[in-house]
Structure formats: C-alpha cells, structure tokens
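> There's a structure below that I have some questions on.
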Amino acid sequence: MWYTYLIPPVLGAVIGYLTNEIAIRMLFRPLRPHYLFGWQLPFTPGLIPKEKGRIAHSVADAISVNLLNKETIEKTLLSDEMFSKITEGVETFFRSQSENEESVRQCAARFLTEENVESMAVSVTDDFSKRIALKLADSNMAATIAHKVVEYVSQKMSSNMGVFAMIGSAFVEPAENFLTKHLDVILKEQSGEIVQDMVRSHVQDFLDSTMSSHFKDREDNCLQAKEMVLSAYKSIITDHLPKLMETIDVRRIVEERINDMDVEEMERLILQVMKKELRSIVWLGALLGGVIGLLNLLIL
C-alpha cells in the first residue's frame, strides 16, 4: 500500500524529535542523582546540575575576562553616547530648576530631613566663620585699616585746615599705632562673632531663596557646570575605575551567584532566554529524522 512509504520518514521524524527533546531535557533533569541497589544510575543528575560548579567557574571567567573587564567598562563609560547623556542631563536639570519656585531649603528637604538641612547650615556657618576669623586675626588687617583711616582723615583735614598740613604729619604715626593696637584687639576678640552673624545671615538668605533665582538666565553657569561635571566624571572613571575593579571581584560575584542559584531557577532562566532556539533544535531533529527515513526508503 502507498501509505507504507510514509512509515520510514514519519518514524524517523518522530525519533529525531523525541531524541532531541529528551537530550534537551537531560541537560537539567533529573535534578538529583538516582540510585538502584546502591549504584548511581548513569546520566543522573542532569548535565547542568552535575557540572554546576564547573559551569559557574567557566561563566564567571568568561564574563570577568571578556565582558566586564576594565577596558570594556571604561570604553562604555567614556563613550560619546555617555558624555551626551550626561550633558543632556545637566541641561535638563538647569531648565527644570530655572522654573522651580521652591526655596533651596524645600528642595534640599527632598533628599534630607529638615533637621539635617539646618544642621548642615549651622555646621557650614560655624566652620566658615572660624576660618575667616582666624585669617583676620592672624593677618595684618588691623594695621591696614588703621593706615587707611588715618590717611583718609589726614587728607580731609589738610584740605580744610591749612595749619594741619604743617603739624598733622607728626600725629600720623602715633594715630596709626593707637588704632592698630585697638583694632587688633577687636579683631581677635570679636571678629568671630561679627563674621558668624554675617555668614549666618547669608546662609539663611541662600536657603530661603528660590531655585529659579540661581538658574534662570544663567547660560554661562550651565556651560561651566557641564564642563565641570564632565571633567569630574572623566577623572573619576580614569583615576578610580581601576581601583574599583580591583575591589569588586566580578569573577567571584558571578561564580557565587550561579552556585547559589537553584537548578530549577537556572532552568527557567535558560529556557526564558533560549526557548525559541531550543525548540528549533527539537524540530530540526524531527526534520533530519524525516530526511534520513526518506533516504533509507529511496536506497532500499
């Protein structure tokens, strides 16, 4: 009968399909070894569960050497595309803040608590005030101010009082010394308080100012910000990436992650990525089995 000619190719296709289907399933199944009379049955567990440690080691080496090495990461992070994204991010930030009527304090409160904002303001005020006060106390500011004051007074009095032009010069040096002495005492004892009041006032004014007042119509600042951010970014990647890569052991992280994965989880992951390709292999087995069955029919 004519249908007997269909048996070899159909049978070959079925055998090829089942063979490849079983082979793919045997990559993962069974999950654990099986024993018969104390002897471990062959092909148990499946290939991937059995060689999980070796596979983890090989995959980790491949990723750390070829995919996540210093050169590859640096090339990606220093690419023109990345620089464009950073530049666009700075420009977007400037545009959004130029229309932001929130105060600096309110904006900072998005990322910090109100207590932290105030604590930072106090800390900045105290630290900056102390530095300025120390600079003033250790400088020659008292003598400079005394000289300018005496010089100004001498000029005014000389132009209005002719007699002072003749005798006033004798009082210049004593007047400067007197003023210098007392101004030096004032700067050492009270400069800290004076500077602190000034700095505190400026800090509070800054916190109460709107974000838009610092960003609106500030194209030059935007350009400087882009250059500064890009420069800092390049410096961080170039100078600190090697140290970061030494600290982060990519190979060990990947290997430990794979070893910690459940075999069923690995199976789901691999099938999710390669389900279409594995199914193609199964149907390819059916096709080859059918072709072989047809060739046998033709030969015989």
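The values are calculated or read from the model by the stated rules, or taken from the named source; none is laboratory data. All of these numbers come straight from a predicted model, not from anything done at the bench. All Cβ positions, glycine included, derive from the backbone under ideal geometry; neighbour counts span all protein chains shown. SASA here: full protein model, heavy atoms, side chains in, ligands and nucleic acids out. Shrake-Rupley method; radii C 1.70, N 1.55, O 1.52, S 1.80 Å.
> Give the number of residues within segment 220-236 that are surrounded by 11 or more Cβ atoms within 10 Å (Cβ to Cβ) and either closer than 19 Å to Arg95 by Cβ or polar (S, T, N, Q) (or both).
Of the residues in that region, 10 qualify.
Condition check ((1) over 18 Å from Phe215 (Cβ atoms); (2) charged (D, E, K, R); (3) assigned to a helix (DSSP H, G or I); (4) open to solvent by less than 60 Å² (accessible area, probe 1.4 Å)) across all residues:
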residue	(1), (2), (3), (4)
Glu101	no, yes, no, no
Leu112	yes, no, no, no
Val117	yes, no, yes, yes
Met120	yes, no, yes, no
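> Residue under question is Asp239, and the condition is that it be charged (D, E, K, R), open to solvent by 80 Å² or more (accessible area, probe 1.4 Å) and closer than 30 Å to Ser96 by Cβ; does it hold?
Details: charged (D, E, K, R): yes; open to solvent by 80 Å² or more (accessible area, probe 1.4 Å): yes; closer than 30 Å to Ser96 by Cβ: no.
When the stated conditions are applied, Asp239 does not pass them.
> Which of the residues belonging to segment 75-95 are acidic (Asp, Glu) and free of Cβ contacts under 8 Å to residues at least 60 places away in the same chain?
Passing the criteria: Asp80, Glu81, Glu88.
> Within segment 288-300, which residues are surrounded by 14 or more Cβ atoms within 10 Å (Cβ to Cβ) and aliphatic (A, V, I, L, M)?
Correct list: Leu288, Val291, Ile292, Leu294, Leu297.
> What about Ala62, is it among the aliphatic types (A, V, I, L, M) and surrounded by 17 or more Cβ atoms within 10 Å (Cβ to Cβ)?
no
> Kindly provide the set of residues from segment 35-51 that are surrounded by 12 or more Cβ atoms within 10 Å (Cβ to Cβ) and either assigned to a helix (DSSP H, G or I) or not hydrophobic (A, V, I, L, M, F, W, C) (or both), ordered by number.
Residues satisfying the conditions are Thr44, Pro45, Gly46, Leu47, Ile48, Pro49, Lys50, Glu51.
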